[in-house]
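Quick notes on the structure that follows.
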Amino acid sequence: MDKKTFYITTPIYYPSGDPHIGHCYTTVACDSIARYKRMQGYDVMFLTGTDEHGQKIEEKAKDKGVTPKQYVDEIVDIFKKLWSYMNISYDRYIRTTDDYHIESVQKIFKELYDRGYIYKGEYKGKYCTPCESFWTETQLDENGCCPECHRPVKEAAEEAYFFKMAPFADRIEKLLTETDYLRPKTRAVELVNNFIKPGLEDLCVSRTSFTWGVPVPFDGKHVVYVWIDALSNYITALGYKNEAFDEYSKYWPADVHMVAKDIMRFHAIIWPAMLMALEEPLPKHLAVHGWITFLNKKGEEQKMSKSLGNVVDPFMLGERYGVDAIRYHILREMALGADSAFSNEIMINRINSDLANGFGNLVSRTVAMADKYFGGTLPTEREEGEFDSSLIECVSAVRGRVDLCIDETRLKNALEEIFVAVDRANKYIDETEPWKLGKDESKKARLATVLYNLLESIRVISTLLSAFMPTAMPKVWEQIGAGEKDVTYDNAGKFGVLPADVTVHKGEILFPRIDLEKEIAELNAIIEKNMAAAKAKLGADEAAGAFAPAELAPEIAIDDFAKADLRVALVKSCEKVKKSKKLLCLQLDDGFGGRQVVSGIAQWYEPEDLVGKKIIIVANLKPATLCGVESQGMILAADTPDGGAAVVFPDQSLPCGSKIR
Ligand code: ME8
């Protein structure tokens, strides 16, 4: 009989900058599941790759003076090096610049057009250049900025092809609410309320404003816009509408697509709609995880961003602590669906407690005792005793529990389950006190039983852990004298597999204990250096003209400008708006008795940064309510090169109410 298949995918990443620990999360998670499924005997297809088209890439290549293909080639190389360094066992790597993919995307586009789901129209809307996304007014965030990256958007219009979404709305709502497609399912509510209930809008699927993309086959002026190009990768990589591969019927539908929340909407709504339109089966599960954020020294969570200099470099961490420790840490910290804050301190504590003290210590103590008391080879006489059955019961139950977690894409829980057995085995050492047994000649059989039970526990635990930490576990097997056939999935469900007279081999320390203070000092110095360099680079880029100012607005007459009444005001007090991460509420002395203004600058300013300062306000703006708080006007701020905002401070000696003309 043919083996059962299992198809798992990561998103295809934008090669627009070096990969960081955030990219590693999805890839390591998928890799661990793929390895586990292979161990279970599945015929696995694990796909990853890069999403190489689009305006952003075209612009970056232009800045560097190379072709877009040259530009992406270089970064794709770094991605591939990282995956090999992180021990990622992908079966296929797709690049959207691969010929076969381009051919399939053109055929998919044509088919959707022929079926009447794609039509030509004009797109008018708010466009976010960094995200390459058009947004409707209602989708913008509370500051009128891009709901995804929160940068300013611009008004734009162009001839474009559209994909009709409405015909699929009911089926998609059912898919999200009545099936277990979406994980965690709690996210279905926000998707249904934000996108489906207000009426699914047709999706713009072509562009004429840039050329770096797959040409629309029947209209050369247009290139296929990112989502049809990108999402199709999951099927073109199997040979859908191309001759490069012949595995579509074998692996499709995918068992798991894993993505972070930033691209959930595209995978939860648009991708199913495309497949429905093509009359192809839908993937079985979409697993959505949160962001790995960077926890700075003040204890604040920040998005990882090159321009902040806080991106965590996986190569650097791997060099210091070993790739497996990094893999373990990121998987162990993040619960499916939730964000997880990365800090060096949390990482080092985790490695020390679980890997050095917990598992590493279990292995080294057990092997050292087998060596010390029996010269490495256990005698075959046995004597059962108290605590044995409770250990064996606990260890034997782990595989089933881990299976369930893997099937539900809950990797943090899978590791927690395995570490229940690690803790149980360490406790067994305390309970049975083998060092006392070792001193008493008449207790040798009991001692051999204790050590055998420990070696067996380690065998089961390390077999299960090998999907997550593929480099370190073979070293464990070497130490506990386990052969290849002992560490199979089948045998991970059994106790008593190692030969009774097993021979151990003392080896290197698997996970050396890390000196927290010393490492933190060194890592913080690296981060600070990177942050300073990023800041200096921003300054230099700006000086060199690399900062791209927002487009100039159309010309207006002086009378138009005179309509805006700009005034100097003093910030008397300021506080964060509850339930909003972005809004500050400022009480101002405006020279006319005072007013309250709400401003979306909380990401860049603490309230105390502003109190006592004079600022400029648009004083005659119609009041608006933001997050339930009334704002009587707005304060002036300028775009910064990193996409942030800087408040404009006038000469501080100007009186409150002074008019700006
Ligand atoms: O969105 N924490 O590509 P992308 C956790 N090309 N995960 C993170 C992360 C972080 N800090 N940063 C990135 C794209 N990721 C499109 C996808 S798919 C058809 C097209 C991971 O390079 C996470 O999986 O911006 C997220 O979904 C993905 O990288 C986005 O990568």
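Please verify whether Lys221 is over 26 Å from the mean Cα position of the chain (by Cα) and under 22 Å from Pro272 (Cα atoms), treating the condition exactly as stated. When the stated conditions are applied, Lys221 does not pass them. Among the residues examined, Ile270 qualifies as within 11 Å of the ligand (Cβ to nearest atom), open to solvent by less than 10 Å² (accessible area, probe 1.4 Å) and either aromatic (Phe, Trp, Tyr) or within 20 Å of Val189 (Cα to Cα) (or both).
Which of the residues belonging to the stretch 276-292 are more than 13 Å from the ligand (Cβ to nearest atom) and closer than 28 Å to Glu190 by Cβ? Step through it out loud before you land on a result.
Taking the stretch 276-292 and keeping what is more than 13 Å from the ligand (Cβ to nearest atom), we get 276-282, 284-285.
Met276, Ala277, Leu278, Glu280, Pro281, Leu282, Lys284, His285, listed by residue number.
Taking the listed residues Lys221, Lys241, Lys250, the one that is away from the ligand (no atom under 13 Å from the Cβ), open to solvent by 10 Å² or more (accessible area, probe 1.4 Å) and within 21 Å of Gln55 (Cα to Cα) is Lys221, with no other qualifying.
Conditions tested, residue by residue: (1) within 12 Å of the ligand (Cβ to nearest atom); (2) assigned to a helix (DSSP H, G or I); (3) open to solvent by 10 Å² or more (accessible area, probe 1.4 Å).
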| site | (1), (2), (3) |
| --- | --- |
| Ile8 | no, no, no |
| Val28 | yes, yes, no |
| Glu52 | yes, no, no |
| Val66 | no, no, yes |
| Gln70 | no, yes, yes |
| Ile75 | yes, yes, yes |
| Phe79 | yes, yes, no |
| Ser84 | no, yes, yes |
| Glu103 | no, yes, yes |
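Scanning for something farther than 18 Å from Ile12 by Cβ and either in contact (Cβ under 8 Å) with a residue 40 or more places away in the chain or not aliphatic (A, V, I, L, M) (or both), does the stretch 72-84 turn up at least one residue? Looking for residues that are farther than 18 Å from Ile12 by Cβ and either in contact (Cβ under 8 Å) with a residue 40 or more places away in the chain or not aliphatic (A, V, I, L, M) (or both), one finds none in the stretch 72-84, hence no. Would you check if there is a residue in the stretch 173-186 being under 30 Å from Thr67 (Cα atoms) and without any contact (Cβ under 8 Å) to a residue 60 or more places away in the chain? No - not one qualifying residue is present in the stretch 173-186. Just give me the residues in the stretch 471-527 being open to solvent by less than 70 Å² (accessible area, probe 1.4 Å) and over 30 Å from Asp403 (Cβ atoms), in sequence order. Hits for the stretch 471-527 are Thr503, Ile514, Leu516, Glu519, Ile520, Ala521, Leu523, Asn524, Ala525, Ile526, Ile527. Among the candidates Leu295, Leu317, Leu331, the residue that is farther than 30 Å from Tyr42 by Cα, open to solvent by less than 10 Å² (accessible area, probe 1.4 Å) and within 16 Å of the ligand (Cβ to nearest atom) is uniquely Leu317. All of Glu111, Glu148, Glu159 fail the test of being out of contact with any helix residue (DSSP H, G or I) (no Cβ under 7 Å at 6 or more places or on another chain) and either part of a strand (DSSP E or B) or of a type outside the set (A, V, I, L, M) (or both), apart from Glu159.
Right, Gly400: in contact with a strand residue (DSSP E or B) (Cβ under 8 Å, 6 or more places away or on another chain), in the same structural domain as Arg332 (by TED's automatic domain parsing) and open to solvent by less than 50 Å² (accessible area, probe 1.4 Å) or not? Break it down stepwise before answering.
Working: in contact with a strand residue (DSSP E or B) (Cβ under 8 Å, 6 or more places away or on another chain): no; in the same structural domain as Arg332 (by TED's automatic domain parsing): yes; open to solvent by less than 50 Å² (accessible area, probe 1.4 Å): yes.
No: the conditions fail for Gly400.
The set of residues in the stretch 10-24 being buried (at least 21 other Cβ atoms within 10 Å of the Cβ) and either away from the ligand (no atom under 14 Å from the Cβ) or closer than 14 Å to His257 by Cα (or both) consists of Thr10, Pro11, Ile12. Just one residue in the set Pro655, Pro607, Pro641 is surrounded by 15 or more Cβ atoms within 10 Å (Cβ to Cβ), farther than 12 Å from Val571 by Cβ and not small (Gly, Ala, Ser); that residue is Pro641. Return yes when Ile458 is in contact (Cβ under 8 Å) with a residue 12 or more places away in the chain and under 24 Å from the mean Cα position of the chain (by Cα) and no when it is not. No; evaluated as a whole, the condition is false for this residue.
Looking across the stretch 253-267 at every residue that is within 15 Å of the ligand (Cβ to nearest atom) and not aliphatic (A, V, I, L, M), the one that is nearest to Ile330 (Cα to Cα) is identified as Lys261.
Within the stretch 337-364, restricting attention to residues that are open to solvent by 10 Å² or more (accessible area, probe 1.4 Å), of a type in the set (A, V, I, L, M) and in contact with an Asp or Glu (Cβ under 8 Å, 6 or more places away or on another chain), the residue that is nearest to Gly22 (Cα to Cα) is Ala341. Note down all Cβ pairs under 9 Å where the first residue falls in the stretch 613-638 and is more than 19 Å from Lys659 (Cβ to Cβ), the second is surrounded by 16 or more Cβ atoms within 10 Å (Cβ to Cβ) and acidic (Asp, Glu), and they're at least six residues apart or on different chains. Close Cβ pairs satisfying both conditions: Leu626/Glu142; Cys627/Glu142. Could you check the stretch 563-584 and list, in sequence order, the residues that are open to solvent by less than 10 Å² (accessible area, probe 1.4 Å), touching a Ser or Thr at 6+ places or on another chain (Cβ under 8 Å) and part of a strand (DSSP E or B)? Listed by number, the residues that qualify are Val568, Leu584. Does Ile118 count as touching a Lys or Arg at 6+ places or on another chain (Cβ under 8 Å) and of a type in the set (A, V, I, L, M)? Yes; evaluated as a whole, the condition is true for this residue. Of the helices (runs of 4 or more DSSP H) entirely within the stretch 423-539, those holding at least 1 residues that are farther than 27 Å from Ser32 by Cα and modelled with pLDDT of 95 or more occupy 434-437, 444-465.
All of Ala325, Ala338, Ala356 fail the test of being within 15 Å of the ligand (Cβ to nearest atom) and of a type in the set (Gly, Ala, Ser), apart from Ala338.
The values are calculated or read from the model by the stated rules, or taken from the named source; none is laboratory data. Keep in mind it's a predicted model, so treat the numbers as computed, not measured. FYI the Cβ positions are ideal-geometry reconstructions off the backbone, even for glycines, and counts take in every protein chain you see. Remember, those area values only see protein heavy atoms, side chains included, never the ligands or the DNA or RNA. Shrake-Rupley method; radii C 1.70, N 1.55, O 1.52, S 1.80 Å.
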